Amino acid sequence: MSTDNRAAVIEDFLQEIRVINQSGVDRAALSRIVALLENLAGRRDLFNFQHFPAPVPGQGSTAFRYRLNDDGDTPTLYLNSLLPGKSTLPHNHETWAIISAVEGEEINYVYTRHDEGREPGFTTLHLEREVIVQPGTSISFLGDDLHGIKVEGEQATLHFHLYGLPLESLDRRYGVDEQGRILNYNASQMVPSIKAY
């Protein structure tokens, strides 16, 4: 399958997402988008490790994020590959977000935030639930929802991450470290995407 065909499939998918996005995205709309993204994740002829390689263990990076479109401030699609052992701080997204798996499993830890009794710049998180994102099981978030991830086992992941806005444009994303300190997530945690468009 050619790169042109992949680009056309991505554009057709994103056109459907833009229509939903124009009306505003709530939890019901997220469910509709999840179904569309899971269909796209089934296209292993277009989205696989041959075309989107995983990081090589022991050679530096433990995560690659391929950016699949650039349409300004509009829904943006990424394909992430994480090595086993990779984890993130709990964080929000500032915009709606969905993760759907092409290959591999990722544990998502979903949290609620409680600021009561904490000094400014700190919070307490309580684990609400765990979701294993794998082919056929996705997870979705609104902008203020909090999650962290961990990849276990021996297989790298290849997962779609779809956001209402490009990650690179967001300046109010925050993460929470082990002491409860609130950090600017993009500034402290995010590495540049690999452009794949």
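The values are calculated or read from the model by the stated rules, or taken from the named source; none is laboratory data. Since we're looking at a predicted model, the values are computed, not measured. Note: ideal-geometry Cβ built from the backbone for every residue, glycine included; neighbour counts use all protein chains shown. Ligands, DNA and RNA are excluded from the accessible area calculation, which covers all protein heavy atoms including side chains. Shrake-Rupley method; radii C 1.70, N 1.55, O 1.52, S 1.80 Å.
Of the candidates PRO53, PRO120, PRO135, which one comes out as most mobile in a Gaussian network treatment of the chain with C-alpha springs shorter than 10 Å?
Its mean-square fluctuation being the largest, the pick is PRO120.
Taking amide H positions as placed 1.01 Å from N in the peptide plane, with prolines and chain starts having none, which residues 5 or more places from TYR66, or on another chain, fall under 5 Å of its amide H?
So TYR66 has HN proximity to LEU79, ASN80, SER81, ILE194.
Carbon and sulfur atoms: what percent of the 1.4 Å accessible area of the range 5-195 do they account for? List each step's numbers first, then the result.
Numbers: 4390 of 9260 Å².
Of all accessible area on the range 5-195, carbon and sulfur atoms account for 47 percent.
Do any GluC sites (Glu not before Pro) in the range 153-184 lie in a DSSP loop with no more than 13 other beta carbon atoms within 10 Å, and if so, which?
Numbers: sites: GLU154, GLU168, GLU178; in loops: GLU154, GLU178.
Qualifying residues, ordered by number: GLU154, GLU178.
Restricting to DSSP H runs of at least four residues, report the calculated mean residue ellipticity at 222 nm for the chain, -39500 (n - 2.57) per run over all residues, nearest 500 deg cm²/dmol. Numbers along the way, then the final one.
Details: 3 runs with 40 residues, N = 197.
After summing the helix terms and dividing by the residues of the chain, the value is -6500 deg cm²/dmol.
Give me the 1.4 Å probe accessible area per residue for the chain, excluding ligands and nucleic acids, in Å². Present the calculation step by step, with values, prior to reporting the outcome.
On the way: 9820 Å² over 197 residues.
Normalised by residue count, the accessible surface of the chain is 50 Å².
Roughly how many nanometres apart are two label points built 7 Å out from the Cα toward the Cβ at GLN179 and GLU16?
4.7
Please report the equivalent ellipsoid semi-axes of the range 108-196, computed as sqrt(5 x eigenvalue) of the Cα gyration tensor, largest first, in whole Å. Before the final figure, lay out each step's value.
On the way: eigenvalues 116, 65, 32 Å².
Output for the range 108-196: semi-axes of 24, 18, 13 Å.
Which whole-Hz couplings ³J(HN,Hα) result when phi for each residue of the range 70-75 is put into the Karplus expression 6.51 cos²θ - 1.76 cosθ + 1.60, θ = phi - 60°, listed in order with x for Gly and Pro?
With the stated coefficients, the range 70-75 comes to 9, 10, x, 7, 8, x Hz.
Roughly what angle does helix 3-22 make with the longest principal axis of the chain, taking Cα atoms, 0 to 90 degrees, to the nearest 10?
50
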